[in-house]
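Data first, discussion second: the structure below is written as C-alpha cells.
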Ligand SMILES: [Zn+2]
C-alpha cells in the first residue's frame, strides 16, 4: 500500500480513538519484524529511526533498508525520525524521504525550541510530511529524580497550547508521567493532565516511553487523545530474548539466518500484541496510499 504522511495517519487515529504504534527499528531484522507484524494485523504502522541507529548504521542506509523491505508490504507505512536534536538532521531525513520527522528541543529555552521546530515544520509541510515537536521533559527511567521533580517535568495545558500554536507542529509529544527505558516502579500516568491538554490542543498527542506502561493505562490515554505510542525498549527486550534463547538452544550455531529468525519472531509477536492493544489492528483499509 505504501508510504503515507504521519499527519494523515495520526489525524485519522485521533478522530477514531485508536493509536498508531511507532516502533523503533535498528537493522534489517527488526524492520522486517515490525513490517510483518503490521501486515499480519492489517495495521497502519510507524517505523522509527532514532539517534542510536543513525550513529552506527547511518540515516540513509537505514532508510534504504526499510524502503526495500516495505515494497512487499500492503499496509500504510510511515518512516519517522525520532528525537532529532538538530535542524540539519531533520532536513537530511526530509531529503531522504521520511514521512514524518521530530525535532526534540525540549531541553532548549522556549523561544529557541519554537523557532527551530517551526522552521523544520515549514519545510516538512511544503512536502506533505508530518512534524512532531516536544514540550515538557520526558526523562529516562535511569535519571535519579524525586517525585516533586517528576511533577515539575509534566507539560502544562498552557505551555502545550502555546507551543503547538507557535511551532506549527502537526502532533505534539507531551510529558504526562512516562519515561524512556525500563521502569523500576510501575508508572502512573497523569490522566487529568492529559485531559487538560487535549481540551485546548486540538492536535494528536504523542506518548513517549510506552514500554512497560500497564495496558489499562495505555488504553485510557488513547481514549484521552493519544494517537501515537512510541515503543522501543519492550521490542528490543523481545528481540534480545529471542536471540539469547536461540543461541542457548544451539550453542554451536554460527549462521545468523538461523539464530536471528528466533529473535525476529519474538519481536514480531510483541509488536502484534502492541498493535492490538492500541486498537490499530484492521485499520489499514481506511487509507488509500
Ligand atoms: Zn522518546
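Laboratory data are not the source of any read-out in this text; all were calculated from the coordinates shown. Everything numeric in this text was worked out from a predicted model, so none of it was measured. When we count neighbours, we look across all protein chains shown, and the Cβ atoms used for this are built from the backbone with ideal geometry, even at glycine.
How far apart, in nm, are two points set 7 Å out from the Cα along the Cα-to-Cβ line at residue 126 and at residue 255?
Output for this residue pair reads 5.1 nm.
Post the alpha-carbon centroid distance, the stretch 218-252 to the stretch 95-142, in whole angstrom.
Centre-to-centre (Cα) distance: 25 Å.
How big is the stretch 119-239 by the Kirkwood estimate over distinct Cα pairs, in Å?
14.9 Å
I'm a student and want to see the number: the projected area of the Cα convex hull of the chain, averaged over all directions, in nm².
14.4 nm²
Calculate, in nm to one decimal, what residue 55 and residue 247 gain on full extension: separation in residues at 0.36 nm each, minus their alpha carbon distance.
66.4 nm
Mind running the shape call on the stretch 46-86? Use the C-alpha gyration tensor, a ≥ b ≥ c as the square roots of the eigenvalues: rounded below 1.5 for a/c, prolate if a/b tops b/c, oblate otherwise.
Oblate, since a/c reaches 1.5 and b/c is not below a/b.
For the chain, find the longest principal axis of its Cα atoms and tell me its angle to the long axis of helix 157-167, 0 to 90°, nearest 10.
The answer is roughly 80 degrees.
Defining a contact as two alpha carbons under 8 Å apart and six or more residues distant in sequence, what relative contact order in percent does the chain show?
Reported relative contact order: 24 percent.
With no solvent and one equal point scatterer placed on each C-alpha of the stretch 67-109, evaluate the Debye formula and give log10 I(q)/I(0) for q = 0.21, 0.22 Å⁻¹, two decimals.
Values, matching the q order: -0.70, -0.74.
For each of 56, 18, 110, 171, count neighbouring Cβ atoms within 10 Å of the residue's Cβ, then give the residues from fewest to most.
56, 110, 18, 171
With axes computed from alpha carbons, what is the tilt in degrees of helix 6-15 against the longest principal axis of the chain, rounded to the nearest 10 within 0 to 90?
70 degrees
Where does helix 28-41 land angle-wise versus the long Cα axis of the chain, in degrees 0 to 90, nearest 10?
Long axis of 28-41 versus the principal axis of the chain: about 80 degrees.
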